[in-house]
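Trainee: Starting off with a structure, shown below.
Computed from the coordinates by the stated procedures, all read-outs in this text should not be read as laboratory data. Bear in mind the structure is a predicted one, so any value in this text is a computation, not a measurement. When we count neighbours, we look across all protein chains shown, and the Cβ atoms used for this are built from the backbone with ideal geometry, even at glycine.
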Amino acid sequence: MNRSIPAKLFLLGAVCMAMACGQGEITGGSDTPGSGTGSGSVGSSGGVTGAGGSTTRADPNAAGLMPMLRLTNREYNNTVHDLLGDTSQPANQFATDLDPTFEFRRADGVAVQDATLLRTAAEGLAAAAAPKLVSGMLLPCDPATGEDACAQKFITSFGQRAFRRPVAADEAMRLTGLYMTARTTLNLSFTDAVSVLIEAMLQAPQFLYHWEAAPTAMNIHEGAVVRLGSYQIASRLSYFIWGSMPDDMLLASAAAGKLDTVAGVQAEARRLLADPRAKQTVSAFFSDWMGLYGLTANMKDPTVYKTYTAATQQALLDETSAFVQNVSFGGDGRLGTLLGAPYSYINATLAPLYGASATGAAMTKTDLDPMQRAGLLTQGSFLALTGSPDGSNPVRRGKFVFTKLLCQTLPPPPANVPPPAPASAGGTTRQRFEVHDQNACAKGCHMSMDPIGFGFESYDGIGQYRTMDNGLPVDASGSIPLDGKVQTFNDAVGLVGLLAKSPQVRNCFAGEWSRFALSRADTPDDAASLQATAAAFASDTASVQDLMAAVATMRSFRYRSPSPGEMP
């Protein structure tokens, strides 16, 4: 393009700042979540029971805050793919956007480095889109019939898709001014001027942040809460179920007011779940919930695990993704199957780890020994992630079950807890940790985690099944406080059997999906919503898709509390 780069950037910066500061919809979105992920479970009495045992009565008319959140890297990549047909995944160059405990979207501002990366991505995306403008693929009209009029239509049509709601009159006016300046002051061609519009819109807060309220619409107050507008619901639905922007059908439903009712939201949620894009969201949930993004950073001692390579790690991630997708969409989708299936999807790389037979690179459904394997918690991805570099780790494994499946919280560890003895000290891993747990400073946390984690002692640091540890027989028996009583088990398969039948686990799992959809921790105002999703998932025949549809219709998904200081 024959144009002045400094002038172009000045223009883009000016329009983005004007669009950020001049619109009332990009306000009032701050959120201060409550206690954090997994802070409580829904009780049968209709309240929410916290870790301490107290029960808070759920207010059926309440709803939690809705923070104004930036697109995650995954959402950014998916959105530019659906908006522009781009497959370059530019957000992979951005900083990580993952919370260490769960994937909560960024609600902070944009740092200078981030702004530079966003600008560079927008420039690259606009340049890559230029041929599609020339061919007419991205244009709603033929510029030969009138370039300026076609640019106006582009602003309206492309802008609605990029902003996920209709473009406001003053936004259209500023974008029109940018287009005209590009044509006259910078003397750009029609295609290059429209490319400048794409750059500007991809850097606008209306694209980068979730709020999506129609700028001229008044807040709809129902008692103490605000009902989200149709376009906000459409965007919430699509980014929850697809991790991407609404399609034309969903935007049309929003325009027609079809998302103003629970039945309308339910119908669209089911339609979105039938689309293949929903499978990737299920994979994303389990990856985030289990913390699998940390697997590649959990290096293993190559002298202990000689066959464990980067290829093994990737295969383990692919296995879990294939497993949860096929159970959720090709199978019965039940929690009992996810936690207890005696099969998985493996390839030739993973066959030796499981002592199974598999050929080729494709993940193929394979029956495993039901005495050794039962669902997600006996897969190598979980066991390698929670294992130590040179062996098993009952603390990490027990902590996951305690916090992510029971939704219990642990106090901060004291600073003076000594590490357990190394393998060279002799004895099994369990024996060394049992001695370690007798330290007064370790008892508080470890007596909650270790009796659960001992159930996984039949697996080494990368998930291989074993009967001996450091020359001695493995003892994988343990106990777990579950559904109001302490229950015992002989091994991980027995533990998983208890978890799969537990109402407490079902409630916790439903709550984790609710927090994932809201992209924040729950607060007391979300109690009725968590109660509703738990009730929808209470039957052991309920599926993950049933749960996702229930989450999409819960009150905190369709309503929000007014933000502090927000004007009516």
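Trainee: Going Cα to Cα from residue 306, which aspartates and glutamates come in below 12 Å? Please leave out same-chain ones fewer than 8 positions away.
Mentor: The qualifying aspartates and glutamates are 390.
Trainee: While we're on this one: For region 70-210, what number results from the quotient of the Cα radius of gyration and 2.2 N^0.38 Å? All intermediate terms of the calculation are to be shown ahead of the outcome.
Mentor: Numbers: Rg = 15.5 Å, N = 141, 2.2 N^0.38 = 14.4 Å.
It is 1.08.
Trainee: Please provide three numbers in whole Å: the alpha-carbon extents of the chain along the principal axes, with the largest listed first.
Mentor: That works out to 82, 53, 46 Å along the principal axes.
Trainee: Now for a separate question. Scan around residue 482 for amide H atoms under 5 Å from its own, H built in the peptide plane at 1.01 Å from N, and keep only partners 5 or more places away or cross-chain.
Mentor: For residue 482, the qualifying residues are 487.
Trainee: On the first, second and third principal axes, largest extent first, how far apart are the outermost C-alpha atoms of region 280-501 in Å?
Mentor: 49, 42, 29
Trainee: Pop out the Kirkwood hydrodynamic radius of region 380-439 from its pairwise C-alpha distances, inverse of mean 1/r, in Å to one decimal. Walk me through the numbers on the way to the answer.
Mentor: On the way: mean 1/r = 0.0776 Å⁻¹.
Taking the inverse mean of 1/r over all distinct Cα pairs, region 380-439 comes out at 12.9 Å.
Trainee: Something else about it: Given 4 °C and 1.567 mPa s, how large is the Stokes-Einstein diffusion coefficient of region 133-223 in µm²/s, with Rh as the Kirkwood radius over Cα pairs?
Mentor: Numbers: Rh = 13.9 Å.
Using the Kirkwood radius from Cα pairs, D works out to 93 µm²/s.
Trainee: Taking amide H positions as placed 1.01 Å from N in the peptide plane, with prolines and chain starts having none, which residues 5 or more places from residue 210, or on another chain, fall under 5 Å of its amide H?
Mentor: 69, 70, 71
Trainee: Mind giving me the nanometre distance, one decimal, between the label points for residue 144 and residue 468, set 7 Å out from Cα along Cα→Cβ?
Mentor: 8.1 nm
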